[in-house]
Every structure is written in C-alpha cells, then in structure tokens.
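See structure below.
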Amino acid sequence: MIKSWAEPFKIKMVEPIRMTTHQQREVAIEGAGYNTFLLRSDDVYIDLLTDSGTSAMSDYQWAGLMVGDEAYAGSRSFYHLVDAVREVYGYEELVPTHQGRGAEHILSQILIKPGDYIPGNMYFTTTRFHQEHAGGKFVDVIIDEAFDPEDQHPFKGNVDLDKLSALIDEVGSEQIPYISVETNVNMAGGQPLSMANLRATSELCHKHGILVMLDATRALENAWFIKQREGGYEDKSVAEIVREICSYSDGATVSSKKDNLVNIGGFLALRDPKLAEKARALLVAFEGLHTYGGMSGRDMEALARGIEEMVASDDHVRARVGQVEYLGNRLLKAGIPLVQPIGGHGVFIDAMTILPHIPQDEFPAQALAAELYLASGVRGMERGIVSAGRDPATGDHHYPKLELVRLAIPRRVYTQAHMDVVAESVLEVHENRESVGGLRFTYEPESLRFFQARFEPITNRP
Ligand code: F0G
C-alpha cells in the first residue's frame, strides 16, 4: 500500500518567481526598514509571509468569477454563500465582510461595552485591537503549555477552564459578553484545541450566560488535527468535525483568506437573528450593503465555492497540513528549534533560543526574519514582541513568552522542492546565527505596529 500522500490536484497555470542576488536583497531589506512587511513582492523569492489571501484558487473557483452576480442588492452569489455557510459551518445568519477584521470590528461593536472583559485562547493582533477599540480588555485564558515551544501537548490551543472560571469569579459574568475561541491558534503556532475542551468551555460559558464566539478562520485545519489526535474522531470526515466544532458556539468570525481558499473575503456568522440585525445595521455603515458587505459578486461566488471545496474530501487538508509537516520535520531533524507539535498553517521558528544574545526589546524574531530574507530571499514574519505591541494603559511593550519567526505556507502554491530550498535557507542562517545583531525602531506606529514599523541595526553595542 502507498503510504505517501500527494497533492490532490495538478497544476494548470504557473506564475514565474524571481531569484535575487545578495546585494539586491541588502538594498531591499534596508529600504524596507528591516520589516519583511515592507518588502516588495518582486524582491521575494519564496513568500512565506502569510497564508492569508495567498492561496491558489481552483479552476472551479476561477470559473465562478465569471458567473458572479454583480447586482448591488440580492446577488445570486450572496445566496450561494449563505447556503455554503449554512451547509458547512451550520450558522443560519450570514453577515458578509471584506475580510476577517471587518467581521471582528462589527462583532466587537455590537457586543462589547467599555469596561468589559473578553477572554480568549491567546490574542490575535486585529482581534484584540477591535476588542480594545470597543472599550474591552482581552484576557488570555489559553493553557500554559501553549507558551512552551517544546511541550508536545496535542492540543496547545485549549482553553484553561480554571483561568476562565477565575476570571468569571473575579469580574462577574455580566462583564463578560463573550469568549473568543480561536480554532488552530495562530499566535501559538497553529495549534488546535480539542473537541472535548471546546465542549467544556461552551458548557461553562453558557451556564453563566456568556456567549461563545469562534474565530473559525482555521477551523478546517483544527478539524484535521482532531481527526488525527482525538479519540472517537478518526473515522469522521473533516466536514463532520467542522460542523461539530461550530455547533458549540453562538457565532463565528472568519477570515476567508485562509481555510476558505480565496484571496479576499470574510464573514461574521451568527445564530441569533436579533444579534444579526444589529450587526447588519453597522455593516451598511462600515462595510457595504448586507448582501455584499465589501465583497464583489464574483468574490462571493469564489468564496462559496472555496468553502464547499475545502471540505469536499479530506485529501485537500491532508496535503495542506502534510506540506507544513514536511518542512517542519526537515528542520527539526536538522536541529532547528521550532514550536512543536508542528502547526497547521506554518512552521514557527523559536528565535529566542536561536539568538539568546539578543534581548527581547531588541527584537530577536524581527532580526531573524530580516536575516533569513537577506540570506535567501525567503520571506517570513515576526511573531513576537513587535506583533504583541504595547499595553494601552501603561505604554510598555507587551513581552510575549513566544518570540517566533513564522514561515506561513500558502495553500496549493508551492511544491516540495520549494520547501527543500526553504529548509536549506533556514539552516544556513542558523549556522551563522552568532553574527545576527539586534534592531531598534526608527518609526513605531501607534497600533498594529508590526505592519509598518521600521528598524535599523544596533551596531555600536557595548
Ligand atoms: N483571525 C485570525 C486567527 C487571523 O489569522 C487573521 C489574519 C484574522 C483573524 C484577521 O483576518 O486578515 O482577513 O482581516 N491573519 C493574517 C496572518 C493576517 O497573516 O496571520 P483578515
């Protein structure tokens, strides 16, 4: 019997990419202020900045672009999307948005009042921004294992029910409008939560009248890990598991630029029609009419098809996560410290361990991401202190326990040979790690600073 998996597709169209010289990359990274977000993609060889909006669509999705209905109101493609979300996620009410943060904005505005607390299994940058923007305070209730890169816990995205209960006791459930539960937690390294944990979290919250809102952006990848790791799920399809995940929640925000296989789009999905009505009232002011919410008809058509396609067979997600694991295992075998178990959407390199000579406030992960680009043209992203930002109350940096470089893998875009080149590039940088120095800000934006911050090397260290 054949044990290897292969991609359940063949390639019909290709897009050339360009290799650059070391000298060109030196100019490019300096011009980008040592921030990989500020590089031009033409200067990037293999782009692992993000898995967001970078997937390759199928021929069926591309065909959908041609038949998308561009009616301003009541588009046929909107109703296709409504049907796809009902069928795959099981939510009745659909509020379409231009992307995930649009949905987070609306959800935060309709549910949070100043002084509220929003527990969550680790923060995500835009999610926490919108919670704080609405006057709320995010409280991290993820299990402690999530902060230890080497801990092999199979469900490092789990909610710590003791931490959650303690918060409820301390502030009272009236001050907690909802819990934000992320599937396959991005900032923890693409780590899943278990069905048992989600079920228990949901029971505890509902007992106290607290809503359960999922960030279901990567629910498919979470479902795959449940199938692999949680007893009783091995014979279920990922389609069934995704439905069960959502069944424990009152709604979800989704950035469709990930699991859903489109380049733009997102939605807020709810069960309560009254809450959906409130959301739609804001939607028309901030995103667009309630039957397009910032997407064109063709975007919605491609999205509806992407949602159907992602769960049509388990083979898609097997190959997707399989490719991430392939890269991760190659690096682990070569002794590169990574977040383990290897996550669903990317490989997360432990910059704190690789660069112990750089203090956290000299941005080790930022420096490592810049160095990797310089060495080979591979673009990753900082997920450490720069991403964590500052505490709005004190103005100090948040000092996250994880200081990571994320190599996020777009879906259906790169081959195994690309992954081999990435692995070699990381090994080369690792060999020269002692020569990597820290950075300091030359420009620090007030919020979501990682997107546009600029840095310079600290050269004259004592
Ligand atoms: N939630 C999660 C878990 C995400 O990973 C993202 C985006 C969002 C919400 C926001 O969605 O970008 O469509 O507005 N993550 C991207 C990333 C940016 O690279 O991880 P968006």
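With every protein chain present, what is the per residue accessible area of the stretch 59-310 (1.4 Å probe, Å²)?
With the other protein chains kept in place, the stretch 59-310 gives 36 Å² per residue.
My understanding is that a pair violates if its Cα-Cα distance is over 21 Å; which of Lys137/Lys258; Lys10/Lys227; Lys258/Lys278; Lys156/Lys227; Lys156/Lys401; Lys137/Lys401 do that in this structure?
Violating the 21 Å Cα-Cα cut-off are Lys137/Lys258; Lys10/Lys227; Lys258/Lys278.
Given H placed 1.01 Å from N in the peptide plane, which residues other than close sequence neighbours of Ile46 have an amide H under 5 Å from its amide H?
Val378, Arg379
Points 7 angstrom from Cα along the Cβ direction at Lys3 and Gln228: gap in nanometres?
So the two model labels end up 1.5 nm from each other.
If I stretch the segment between Lys274 and Phe147 completely, what's the gain in nm (0.36 nm per residue apart, minus their alpha carbon distance), one decimal?
The Lys274-Phe147 span can extend by a further 41.9 nm.
Over every pair of different alpha-carbon atoms in the stretch 148-239, take the mean of 1/r and invert it; report that Kirkwood radius in Å.
Computed over Cα pairs of the stretch 148-239, the Kirkwood hydrodynamic radius comes out at 13.9 Å.
Give the share of C-alpha pairs in each 10 angstrom bin for the stretch 1-92, from 0 to the last occupied bin, in whole percents, shortest bins first.
11, 25, 25, 25, 13, 1
Just to be sure I understand the model, the point goes 7 Å from the Cα along the line to the Cβ. What's the resulting Ala281 to His206 distance in nm?
According to this spin-label approximation, the distance is 2.7 nm.
Give me P(r) over the stretch 116-155, computed from all C-alpha to C-alpha distances, binned every 10 Å, as integer percentages.
The percentages, shortest bin first, are 30, 42, 22, 6.
Starting from the Cα coordinates of the stretch 373-428, work out the convex hull volume and express it per residue in Å³.
Once divided by residue count, the hull of the stretch 373-428 is 110 Å³.
For the stretch 59-310, what ratio Rg/Rh do Cα atoms give with a Kirkwood hydrodynamic radius?
Here Rg/Rh amounts to 0.97.
Restricting to the chain, compute how many DSSP beta bridges are antiparallel as a %, nearest 5.
65 percent
Have a look at the DSSP beta bridges in the stretch 59-310 and tell me what percent are antiparallel, nearest 5.
Within the stretch 59-310, antiparallel bridges account for around 50 percent of the total.
Over the stretch 314-462, calculate the relative contact order: mean separation of alpha carbon pairs under 8 Å at least 6 apart, over the residue count, as a percent.
That works out to 25 percent.
Please name which of His105, Ile307, Gly231 has its Cα lying farthest along the dipole of the stretch 59-310 towards the positive end, using unit charges on Cβ (Lys, Arg +1; Asp, Glu -1) and the Cα centre as origin.
Highest projection toward the positive end goes to His105.
Rounded to the nearest 0.05, what FRET efficiency do Ser447 and Ala319 have when you use their Cβ-Cβ distance and R0 = 45 Å?
It comes to 0.75.
D for the stretch 147-186, whole µm²/s, Stokes-Einstein with Kirkwood Rh over alpha-carbon pairs at 4 °C and 1.567 mPa s: what number?
Calculated translational D: 108 µm²/s.
Calculated FRET efficiency, Ile17 and Ala334, Cβ-Cβ r, R0 30 Å, to nearest 0.05?
0.80
Can you tell me the relative contact order of the chain? Whole percent, Cα pairs under 8 Å, sequence separation 6 or more.
Value for the chain: 24 percent.
Give me the three principal axis extents of the stretch 343-462 from the C-alpha atoms, as integers in angstrom, largest value leading.
46, 33, 23
Let's test the formula: R0 of 25 Å, r as the Cβ-Cβ distance of Asp396 and Glu170. What FRET efficiency results, to the nearest 0.05?
Once the sixth-power term is evaluated, E becomes 0.65.
At 222 nm, what value in deg cm²/dmol follows for the chain if DSSP H runs of at least 4 each add -39500 (n - 2.57) and the sum is divided by all its residues, to the nearest 500?
Rounded to the nearest 500, the figure is -12000 deg cm²/dmol.
With the Cα gyration tensor of the stretch 238-292 giving a ≥ b ≥ c as the square roots of its eigenvalues, does the rule (a/c under 1.5 for rounded; else a/b larger than b/c for prolate; else oblate) give rounded, prolate or oblate?
oblate
Please work out the C-alpha center-to-center distance from the stretch 88-159 to the stretch 58-86 and express it in whole Å.
28 Å
So if I take the centroid of the Cα atoms in the stretch 391-437 and the same for the stretch 286-301, what is the distance between those two points in Å?
The stretch 391-437 and the stretch 286-301 have Cα centres spaced 34 Å from each other.
Taking the Cβ of Arg25 as the centre, find all other residues whose Cβ is under 15 Å away and add up their charges (Lys, Arg: +1; Asp, Glu: -1).
Net charge around Arg25: -4.
Based on the mean of other beta carbon atoms within 10 Å per residue, what is the order of 41-48, 218-225, most packed first?
Ranked by mean Cβ neighbours within 10 Å, highest first: 218-225, 41-48.
Going Cα to Cα from Lys113, which aspartates and glutamates come in below 12 Å? Please leave out same-chain ones fewer than 8 positions away.
Correct list for Lys113: Glu132, Glu174.
Take the alpha-carbon positions of the chain, form their convex hull, and give its projected area averaged over all directions (one quarter of the hull surface) in nm².
21.9 nm²
The values are calculated or read from the model by the stated rules, or taken from the named source; none is laboratory data. Everything numeric here is computed off the predicted structure, so don't read it as measured data. Cβ coordinates were reconstructed from backbone atoms using ideal geometry, including for glycine residues, and neighbour counts include every protein chain displayed. Protein only, heavy atoms only, side chains kept; ligands, DNA and RNA dropped before computing areas. Shrake-Rupley method; radii C 1.70, N 1.55, O 1.52, S 1.80 Å.
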